[in-house]
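Shown next, in structure tokens, is the structure this report addresses.
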Amino acid sequence: MSVRVYLVDDHRLFLSGVKAELDDTFQVVGSAYDVDTAIEEIRGLVPDVVLVDVHMPDGGGIAVVEGVTETTPDVKFLALSVSDQAEDVIAMIRAGARGYVTKTIEPSELEEAIKRINAGDAVFSPRLAGFVLDAFAGAIPSDDDPELDQLTSREKDVLRLIARGFAYKQVARKLNISIKTVETHVSSVLRKLQLSNRHELARWASKRRIV
Amino acid sequence: MATTPTFRLARRRSERVVAGVCGGLADSLGIPAVYVRAAFITLGTIWGLGGLIYLALWLVTLDRVEDTEPAEIDPTQAVGLGLVFAGAMVMLAFMGWWPNPAVVLTAGTLAFGTAFLTDTSKAGPLAALMDPSVDRPSRIRIILGMGLLIGGLAIFTTSVGGVFEFGLVFLAVSLTGLGLVVAFGPWVRRLIHDLGEERSERVRQEERAEVAAHLHDSVLQTLALIQRSDDPGRMAMLARHQESELRDWLYGNVPLDGVDLVSTALKQTAAKVESDFQVPIDVVVVGDHPITDNTKPLIAASSEALVNAAKHSGAERISLYVEVEEDQLTVFVTDQGKGFELAQVGADRKGISDSIMSRLERAGGYAEVMSEPGEGTEVVMRVEL
């Protein structure tokens, strides 16, 4: 059964590029260039995975994720961007996206990422792993739920290897654990990223340069 | 993020009284604007010196363009300071326009008194005293301000004559002033506003010209090069290089406080190797640190490791991962290329890993090369901070 994919990007050139790259195991059920059309169509089509650009007019990717999740919580999102702006990416993940990859990603890696998102796992590109390590750096847990506000040392190990450019498979071998365990760790980091109250995450942009 | 404020004189657009010169000066000095205004009023009583300086500053300064608020004139202060100035002028008229120390002292007392008052309260000093939300220091300031005003008036009346005479003259001056304001106020205001508009439009145009010049030098040149190139690899490289340069320009990877940062240096190194050897390098940086004597050898060693990977690994891309922890800085250069048997390295490669290691050992650091044929290579380098 093919994965039903929906694309949202205001750069038409990029949209058609992705459409052409995805092989037969994916069915592109639709695409939109703007936030409002995207929300409406995704609600109607209920695709498996939505690839959504972070930066767009009228609220950007966050508006799409939030707008859809309100009524149709089962749709999964993969954020796709050229942006280096960590706070935008972290905001997308906190809004509900299950992963983030840069647009320079190889087609085969993109396909793997979509499959992984469809299976309910999280997709961390090296850059996102770096952002997350940075955001969780420093041991200042908030009062509410300290467990959510810190990464375990194993989770940090996994993120560091991903940041160094290793695929999940290689991460698993390096740490002598199964790929499934790597996926579990990454999903747990995703959950912390989405649920943590750390105020550092909120005003992370200003904090990231402090040594 | 702490940035050192640079002393830059610009006029204010919001919360100004006339053209924002005093406000801008106060912003630059980091003191409340009202004290600067009081100082100008005081100077103004000496042959109009304050006014001349004000005009001169107005001509040489620019609008603070980052102020997005509309140009608003602060009415309370305008009225308060205007009254003080009128009062001071009346006195000078009595003294035959000769500024003697007592007059300047009086004008100063009056100006600073009003300054204290208007600084604290927009609704008027008495209303502010009644307001329970006004804090203690402000109350003290209000009382001090009222004291100064009364004191100033006392000096004035004793040095000039009876209260009655002063009252009459004051009334006359006030009425004339009021008449002028009613007659010419809107016109003057409009004139000032238009002048401000014109200036900020000019600033906007200058900014646009700067952006255009930059885009022309960088992006358009690169696009032209890409159009003329037949080699996809080279096109991708040009695009990548341009992307990272434009990103730096847009999002400002500017050194903090004029200090060069490890992240900036390593990103530049990676960009250079990337364009020299046409291999994409993914850079991920966690944390940051200023460049020190300890970190310099690590940056040089990272450059060697990147060049090494680009030349020999045959990998399609290289990862550069930098992590700054509390007490140490670690750099990983990782490739998924062909790798090699560590025991059987050629003399040239041995030379390079030797030089990486000896560089870092001299700095009290550590380096390790991990590789296996077919499994890629990873160089780990670390120094203490």
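Summary of values
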| read-out | value |
| --- | --- |
| Per-residue mean of C-beta atoms belonging to partner chains within 10 Å, peptide A:68-79 | 0 |
| Around B:Val211: net Lys/Arg minus Asp/Glu count, Cβ-Cβ under 14 Å | -2 |
| Partner chain coverage, peptide B:317-325 - average Cβ within 10 angstrom | 4 |
| The range B:291-331 shape via C-alpha gyration tensor axes, a/c threshold 1.5 | oblate |
| Chain A: DSSP helices with Cα axial extent of at least 20 Å and average Kyte-Doolittle hydropathy no lower than -0.5 | A:179-195 |
| For B:Val283, residues with placed amide H under 5 Å, excluding near neighbours | B:Leu320 |
| Exceeding the 18 Å Cα-Cα cut-off - candidates A:Lys103/B:Lys272; B:Lys267/B:Lys296; A:Lys174/B:Lys267; A:Lys156/A:Lys192; A:Lys115/A:Lys169; A:Lys103/A:Lys174 | A:Lys103/B:Lys272; A:Lys174/B:Lys267; A:Lys103/A:Lys174 |
| The range B:198-327: C-alpha gyration tensor shape, a/c 1.5 cut-off, then a/b vs b/c | oblate |
| Pairwise centroid distance, computed over Cα atoms, of the range A:82-140 with the range B:302-316, Å | 26 Å |
| Average partner coverage of A:156-167, which counts Cβ from other chains inside 10 Å | 5 |
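Computed from the coordinates by the stated procedures, all read-outs in this text should not be read as laboratory data. Note that the coordinates shown come from a computational prediction; the quantities given were computed from them, not determined experimentally. Note: ideal-geometry Cβ built from the backbone for every residue, glycine included; neighbour counts use all protein chains shown.
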